[in-house]
Amino acid sequence: MEERSLINLEFDKVLNIISGYAGSNAAKDLIRGIRPSVVEGEIEEMLCELDELMLLQGDGKGLNVGGIREIRDLFSTLNPSGDVLSGEELIRVRSNIEISIDIRKSFPEYDSRSGDDRFGRLRRRISEMPDLSTVAERILNSINEQGEVRDDASPALASIRRDLVKSRSDIERKLGEFLGSSSEAFQDRYFTLRNDRYVVPVKASFQNTFQGIVHDQSGSGQTVFIEPLEFLGLNNKLVRLRSAEKEEVLRILRSLTELIRSRLHDLTNVFNTLIHFDVMNSKSRFVREFHCTRPQIASTGTLELNRACHPLLHPNCVPLDLTMNREKACIIITGPNGGGKTVAMKIVGINAILMQSGFWIPAGEDSRLPVFDGIFADIGESQSIEDHLSTFTSHLMRLKELLLGSTRRSLVLVDEIGVGTDPNEGSALAEGVLKAFLSRGSLAIVTSHFDSLKSLAFTTPGFVNAGMEFDYQTYKPTFRFLMGVSGKSNALSVARSFGLPDEVLSVMTACLQGKSGPEKGLIDVLERERMHAERLRRSWEEKVRDLELKERGIAESMKKLENFRKTRRDELIENFESDMKSKVKEIESVIHDLKTRLAAGSGAQEDLENARGALKKAIKSFGSDSSETKEIAENEESRLPKIGEQVIGKNVPKPGILEDADYEKGRGVVECEGLRFILPLSELKVFCPIGKTISKTSVTVAPLVSVSDRLDLRGHRVDESLQEIESYLKLASAQKLGKVFIVHGKGTGALQRAVHDYLKTTKWRQSFRFGRYGEGDLGVTVVVFDPASDAEYTAEGLEKKSTFSGNRKKGSRGN
């Protein structure tokens, strides 16, 4: 694909926007280097992989690759002739491996029963990632979070460091005793280090009488730092131990480096896969931010764009509808200067480039484009003093390049074709070039002000006019693209809107009077009427589109409601059957017990009365609802719902949770299947009241949905996780759970920090902590509603204590 054309269509600027969504520098660089493919199979594969990611995120999951560490600079170090990796560099390697492990664990499992693998491409890419968990474990067991080698990285290092601690303690103790003497030679009663050896400060006047080795002196020269001779052996021992420590640390680092070097190919594979997922996440973010849809690849060569926009004008771009095929192979766009002709042409070009680069496009549904082997654009000034090219000659050179490079599968975009010379000759040149493009079978879009090209489009097959709408009431362009209509330049109106002096405008008006014949005026009237008809057609199509969307929404809601009714009916039947079996077993148990007692001949009369009462009670439970149950149900239906209760309404497809309510204004926020509805409280009925138990035989009120005490957020994006936490905590608190566990994993800590930052803004800001040993440690946050449920006991006296993260010092652990 021609680089010059990509720049003319501002593809590089669009890529810069998308790269801003990436979390790693490697992904940003990869996005900026994306270029369109001309192979249909590759394009379809890229689009299908993005389809799977959008579907995965629609299910509330995703590919969490936040916190990827840069390791491209380490690949040269890991070459056979490379150096040893430092502790900090090893941590970077371990962090990326742990991200790959988390992705593998959190990705949905394949459902072999259905046989429908909706995420086959993503699953295959994840399965092809090498398993480097043993490498990560080796690094974790050898290097701490500060990048230092751990004491227990090897038995030898542990022994050396124990000896170091002991020797250092011995020499410091003896130095303290040495300084405690009443010698007047000491400048002060302290010891310090010089050249990694312990020394004492001695007055310069006592230098010749103090036995020892001078290592340094103060800036004033009044103090010299001397190593006493009696400490020479102890210092030498420390030096030997430090040297042994360095050698052992280097050996451990070299061993880890060699391990990673032996798996360099696998590490590169893992890193490239993580970067690919980061790029994919950026693509999906672009889809959501710019309301993109999945384009279809048109094998017939037809190009059809519905409500297409340019990303650089989002969200203020006026969308266009455009269709091109062999009968409409060349579109000639005319209209006022500044009316949007060039933008319309760029919209077509950028959407084609985005699709062939594996992106969804900022256009409406059912948009489809062919795969072009070349997209050629001539937009903007091409004058060059160095090459001795004027505006017109450079334009001619560019037209020659386009004619030589275009084929039957090409898209050609030319702005102001034939300008820079005599209008008559320029229009003749434009007509000849456009007919040449048409004979090659290329699709072409050009902008122009030549009236002869408008006539060409009216009379020649394969050509079609298009215009940019102009509001003759305000004398301003509306930037709307109209197919089948030629536009008028309206130079006088544009000049007036830019505030040119009246003396210029009056001369311009006089010159234009009488220049056009009666046929030109007739054409102008016809064009205005055609534009009016086009506006009516567009308005009608928009209304039809809105009606279709509403009908589709109603159909989906009805389907969901029918499924809900069926599910609810099955649930009631199942509950009734279960209750009936339980009561039958209870009756059988009473009969069996009665027979046993009668056979024993003891207390038969009393047992008979008790059994009769139990049987009556069991049989009565099979009947209709008691008046008490009906009264409770009627009261629950009539009262306003409370926050945290399940509610149902005519505009809510399924039972939802009332998250918030303004009882004065009579409105509430209902969360249902990840969506939030703002509805009048009067339209909501209590589906399951808090703490209220209704008879199982009642169909008016359903049992309260059970809430788990554990919420797993691993693999979720931060924004999704926070929304889920909000609903979960309200429901868990309403159901009187003592405490709940929010599982966010360790990873890079980004999700954990986001969870804690959110909790600090809630009423539970003083009631959360990290998980203790056995609860998940730092990978889990515990939110405590009832301190009694979180009580722990000490060994002495069984004294209760409660520990919340809000009461601990910053950085402290949970226990």
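The values are calculated or read from the model by the stated rules, or taken from the named source; none is laboratory data. Predicted, not measured: the structure shown is a model, and the values here were computed from it. In this analysis, Cβ positions are derived from the backbone assuming ideal geometry, glycine residues included, and neighbour counts consider all displayed protein chains. Note: areas computed on protein heavy atoms with side chains; ligands, DNA, RNA excluded. Shrake-Rupley method; radii C 1.70, N 1.55, O 1.52, S 1.80 Å.
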Dipole magnitude of the range 94-177 about its Cα centre (Cβ charges: Lys, Arg +1; Asp, Glu -1), debye to nearest 20: 140 debye
With a 1.4 Å probe and all protein chains left in place, how much accessible area per residue does the range 208-276 have, in Å²? 53 Å²
So for the range 364-469, using the alpha carbon gyration tensor with a ≥ b ≥ c as root eigenvalues (a/c under 1.5 gives rounded; past that, a/b versus b/c decides prolate or oblate), I'd call it oblate
Distance between modelled label sites at R538 and A750, nm, 7 Å Cα→Cβ extension: 4.1 nm
Take the range 151-206, drop everything but the C-alpha atoms, weight them equally and run the Debye formula without solvent; then report log10 I(q)/I(0) at 0.18 Å⁻¹ to two decimals. -0.68
Could you give the length gained on full extension between R552 and D712, defined as 0.36 nm per residue of separation minus the Cα-Cα distance, in nm? 54.2 nm
Between R104 and S390, what FRET efficiency follows from the Cβ-Cβ distance if R0 is 45 Å, with the result rounded to 0.05? 0.15
Förster radius 51 Å - calculated FRET efficiency between N141 and D12 (Cβ-Cβ, nearest 0.05): 0.65
Which ³J(HN,Hα) values, rounded to whole Hz and listed in residue order, are derived for the range 721-727 from phi using the Karplus coefficients 6.51, -1.76 and 1.60 in 6.51 cos²θ - 1.76 cosθ + 1.60 with θ = phi - 60°, glycine and proline given as x? 4, 5, 5, 5, 4, 4, 5
Regression test value, accessible area per residue of the range 1-116, probe 1.4 Å, units Å², expected 47 Å²
Extension reserve of the E529-L250 stretch, reckoned as 0.36 nm per residue once the Cα distance is removed: 91.9 nm
Charge dipole (debye, nearest 20) of the range 164-252; +1 at Cβ of Lys and Arg, -1 at Cβ of Asp and Glu: 220 debye
If I take R0 = 41 Å and measure r between the Cβ atoms of S86 and E577 in this structure, what FRET efficiency does the formula 1/(1 + (r/R0)^6) give, to the nearest 0.05? 0.05
At what distance in angstrom do the alpha carbon centres of the range 324-367 and the range 739-788 lie from each other? 50 Å
Segments 127-137, 248-258 sorted - mean Cβ within 10 Å per residue, highest first: 248-258, 127-137
For the range 749-756, Karplus couplings with θ = phi - 60° (6.51, -1.76, 1.60), whole Hz, Gly/Pro x: x, 5, 5, 4, 5, 5, 5, 5
Residue separation between F564 and Y773 times 0.36 nm, minus their alpha-carbon distance, gives in nm 71.0 nm
Tally up the carbon and sulfur contribution to the accessible surface of the range 32-138 as a whole percent, 1.4 Å probe, everything protein left in place. 46 percent
For L711, the residues 5 or more places away or on another chain with a placed amide H closer than 5 Å to its own amide H are F741, I742, V743
Please list, ordered by chain and number, the residues whose modelled amide H lies under 5 Å from the amide H of G212; skip anything fewer than 5 residues away on the same chain. L229
Students often check this: by mean Cβ neighbours within 10 Å, which of 102-109, 744-751 ranks highest, and how do the rest follow? 744-751, 102-109
Among the lysines in the range 237-346, how many pairs, 8 or more places apart or on different chains, have alpha carbons under 25 Å apart? 4
Starting at the first residue of the range 51-56, write each ³J(HN,Hα) from the Karplus equation 6.51 cos²θ - 1.76 cosθ + 1.60 with θ = phi - 60°, in whole Hz, x for Gly and Pro. 4, 5, 5, 5, 5, 4
Magnitude of the Cβ-charge dipole of the range 4-108, K/R +1 and D/E -1, about the Cα centre, nearest 20 debye? 320 debye
